[in-house]
Every structure is written in structure tokens, then in C-alpha cells.
1. Test residue 8 against the criterion of being hydroxyl-bearing (Ser, Thr, Tyr), more than 11 Å from the chain's Cα centre (by Cα) and at pLDDT below 90, and give yes or no.
2. Can you tell me which residue among 76, 88, 83 is surrounded by 11 or more Cβ atoms within 10 Å (Cβ to Cβ) and of a type outside the set (Phe, Trp, Tyr)?
3. What number of residues within the stretch 23-48 satisfy the criterion of being surrounded by fewer than 16 Cβ atoms within 10 Å (Cβ to Cβ) and farther than 19 Å from residue 89 by Cβ?
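The values are calculated or read from the model by the stated rules, or taken from the named source; none is laboratory data. The shown structure was predicted, so the numbers you read here are calculated from the model rather than taken from an experiment. As a convention, Cβ positions derive from the backbone with ideal geometry for all residues, glycine included, and neighbour counts pool all protein chains shown.
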Amino acid sequence: MAFFFIVSILLLFFYLIGNYQDFLDSTQIFLLSLLHVSLGLQLACGVWLAGFLVYRNKHEHRRSLLRWILLILSFVCCAGLLVALSYVQQWLQS
């Protein structure tokens, strides 16, 4: 999840820098589509990690509260970015 988070941050950074420098629209749309894919993969990895944490908590009989908090925080941030990204993509298509 950390890998996809870093990739998402880099793509968002490149998109913002591209907007400031007036890059081509096709490049910006490509960056947004890559950001959409990386956020989707981050959510998929988060679901897998949640299942892994449930399995690990059940078999090791110990709670990992910090990992759950970080996982929930990651889900909320990723879902928020996906919603904002869908609004931006709809705005660019119109």
C-alpha cells in the first residue's frame, strides 16, 4: 500500500506541476487516468490487507490497533481522492 500511495502522490504532483506549466491536455488526462488506476490498486491492496489483518488478529490473538487506524485512514484518503478525481474527470470531459 505504501508503494501505491507514493505513486499516487507523485502522479498528483506531476499533474499539478503540469497544470502550472500548461502541458498538453492529453498528457494531463493520461496522468489522471494513471492516478485513477493507482488509487484503485491501493484500495484493492487495502481490502487484501484488511483480510490479512483479520486473519492475523484471529490466529495470533493480539490486536494491532495502529495498523487498523492507518488502514482506515488510507481508505478514507484514497476514497476521497477517487471522488475528487471523478469530479475532475467529469469536468474535463464536458
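1. Answer is no for this residue.
2. 88
3. Qualifying residue count, the stretch 23-48: 3.
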